[in-house]
Every structure is written in C-alpha cells, then in structure tokens.
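One structure is given here, and the rest of the page talks about it.
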Amino acid sequence: MKNLPLLMCLLLVSMNVASATDDPPADLQSFFQPPPEYAGDFGDFLSPLKFYDGREVTSAEQWPARRREIRQRWDAIIGEWPPLIETPNVEHVATTKRGEITQHQLRLGVALEGETVEGFLLVPPGEGPFPAVLVVYYDAQTGVGLGTPLRDFAWQLAQRGFVTLSIGKPFTGVDLENPKAVPHRSKPYYGPTGRPVALQPLSALGYLAANCQQYLANRNDVDGERIGIVGHSFGGKWAMFASCLHDGFACAVWSDGGIVFDERDRRKENPGGSVNYQDRWYLGYVLGEPAADEARFRSMGLITEPSQRTGSYKVLMENDHDLVELHALMAPRPFLVSGGTADMPERWMALNHAIAVNRLLGYENRVAMTNRDTHGPNEQSNGQIYRFFEWWLKERQ
C-alpha cells in the first residue's frame, strides 16, 4: 500500500495518548462532541474495526493490517491510483497583487496522464514557510473570491496567513470578466476523453488533489507537514476522497458533500433529494468503458430499485461497504464535517465509528461536525472552517 512509511510513523506515535496541546481551544470544543441523542450510537453501519472475515481489531498493533485491507478492497472496486506525479508541469499564466496577497494564475499538469487544471495560488506576505490549504470546487476562481459568494475559502484563508491553491476540474476554464460564463464549468470529468476509464471519477479527482498536495509540499514557502484540504458540496465529496486516500493531507474539511451513502428521498430537507453517489460522475461509471465527452452534469435522479445502481457504486452497495471505511483511513488525522442539509446531525452515527478508530489508536478530538439549516455555507459555518484550520495547522505545535 502507498505511503506505508508515513503510516507506520503515525502508528508508532499513536501508541501514546495525545498530548494536552492537541486539545481544541474552547471555541472549538463543542464541534468534537456528538449530541447526547447520538453519543455512542453506531447506527446500522458495519464497523471498520472488524476485518472482512469477521475478526475484530482489538489493538493499535492490528490496525495497520485492517487499514491496508480497507484500502486494497476499495482500490479493487473503484480503481487503483497510478504513481503520483512528482514534478508536474506548471504554466504560469499571470501574477497580480490583491492588496498584500500575491495571486498566481497557473495551469498544473496534475490530472490523469498529466492533463491540466486551472489553478490560483495565493501567497500571503511574509517569509514563511506557511501552512497551506488546497481548495477544490467546480472551477478554480470561485475559491479565490471570483465566483459564487461564500465559497471563497482560498481567499479568506490566505488573508489568515495560509498559502492556498484553488483548483477546478480538468476541462473547466477561467473567465474573470464574467464568472457566470466559466467555460465547461458543468462538464463532468471521467478521465482522458475516449480512453478506458480506470478510476471512478471521485477517485480520479482524489488523485489529482494528491498531486496538488505534492506540488505544495515541494514549494519553499510551504511547510509540507501542514497542508489541509477543503471543498463544498461536489468539492466536499472530492475533498473527502482525496484526504482519505492520500496521507499527505494533515487535516481536512468536508462541507455538506454527503459523508455516507444515503438513497432516501429527502427532498423536504435537501434540495438535491439524496446523496447522489450513484451518478456516474461520482462512483456510478462502468470501469473499462471509454470516458464520455458530456457537455453537462445530468443526474440519474433518485434510486428507486437496486437494478438502477451501476458501476462501482453498485458493487459497493451490494457488498455492504459504506464511506465509514474511508473515514477510518483518516485516523489519526483530524477532520471537520461542515454539515448542512446533506449532512445533518444524524451523521454522528457514522462519525462515531471514526471516533472509535481514533480511540483505539490513543487519540481524542480528531472527528468534528458543525451543522446549519442550509446546503450552502454561511458566514458562521465558514468562520468555523477557518478556525479549525487555524487551530490544527497554525496554533498547534
């Protein structure tokens, strides 16, 4: 399995109880506590602390084997990553100053087979090395405040002393004059067009993000041990898969992407109806088929019969796999679920499994969730996200 040396180092450290410096500050402590009605409730999810043959994981020494088993099983179902791109091609398009922030517009060859993505790198004033955060979304410019409001995570974090890199999907362009006309913003990504699809799209996007983490870690102005990732909605799913499948991210925030498989009709609470991992631009593509060249996302809608499931999603559902297994791969790295209508407080039943894994390894305060009444982020939820990154990547030594 990839990143085994890093994993072994993490597990050696995990034999000790977390130090007091890992306790969250007072304004964050409530994020790490399930509401009383969900405390200790594991729902119907299968425990990641049980091998697929039924044996239980009872010690930290057994966890590496179980972790490896989870990763190998998911690789077999959603596709195994090729080697990471150690030195991606980077084209510098433009450099501008926005107050004290230096903004570099880039094209980075970080996708499958070196395909490029648009990106904006924001560098705060000072000498560094700085902590860094990767921001993932449909397009690159939204994250730097040049698109939909309240999704400007990269811009806000840069003003708080982080180097940030905001990226979009491959094929998606940039239009600084008219953000509503960003080229191919609604075009899904399946990999190089016409080539057989070897990775489910979410895994391919996770691979892309891992290469961006490598790019940031190799910069002189970035502390490679302090790099996080955040995304909202589509980007929340993307950030979750990237951080769970790549150990290089020190922490992560997943904003209302839907952290478990959930086929229920929840249109009263969630405008999208369900957590749509079944769509083929997420996990529903049939591996081995040529990558489609579709102009826009077209959802298949709610699943009403099991026969409607396709691709890796079908295999995962038929074999009782759920995303709690991926959450477990984060341990002992911390993550925050910034929940809205897709991730309501009931998701603590899934998160309790990640808490259990961390406790087995000797860690507390590594799994957090906040909640709001809307799918879209607001000033309060964004402020909570920024405080989480400030605590883990800046204040904590």
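The values are calculated or read from the model by the stated rules, or taken from the named source; none is laboratory data. None of these values were measured; they are calculated from a predicted model. So basically every Cβ, Gly included, is an ideal-geometry build from the backbone, and we count neighbours across all protein chains shown. We work out accessible area using only protein heavy atoms, side chains counted, and drop any ligands, DNA or RNA first. Shrake-Rupley method; radii C 1.70, N 1.55, O 1.52, S 1.80 Å.
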If the Cβ limit is 9 Å and pairs must be 6+ apart or interchain, which residue in segment 84-97 that is in contact (Cβ under 8 Å) with a residue 60 or more places away in the chain pairs with which residue that is of a type in the set (K, R)? L84/K2; V90/R107
Which residues, counting only those in segment 370-393, are assigned to a helix (DSSP H, G or I), over 20 Å from L351 (Cβ atoms) and open to solvent by less than 70 Å² (accessible area, probe 1.4 Å)? N382, G383, Y386, E390, L393
Within segment 327-349, considering residues that are more than 16 Å from the chain's Cα centre (by Cα) and surrounded by fewer than 24 Cβ atoms within 10 Å (Cβ to Cβ), the one farthest from P36 (Cα to Cα): T341
With the condition kept exactly as written, say whether any residue in segment 193-207 is surrounded by 24 or more Cβ atoms within 10 Å (Cβ to Cβ), in a loop (DSSP other than H, G, I, E, B) and not small (G, A, S). yes
I'm trying to understand the selection: among the residues of segment 280-326, which are among the basic types (K, R) and surrounded by fewer than 21 Cβ atoms within 10 Å (Cβ to Cβ)? R296, R298, R309, K314
Among (1) in contact with a helix residue (DSSP H, G or I) (Cβ under 9 Å, 6 or more places away or on another chain); (2) buried (at least 24 other Cβ atoms within 10 Å of the Cβ), the one test that G224 misses: (2)
Does Y189 meet the test of being crowded, with 19+ Cβ neighbours inside 10 Å, part of a loop (DSSP other than H, G, I, E, B) and in contact with a strand residue (DSSP E or B) (Cβ under 9 Å, 6 or more places away or on another chain)? no
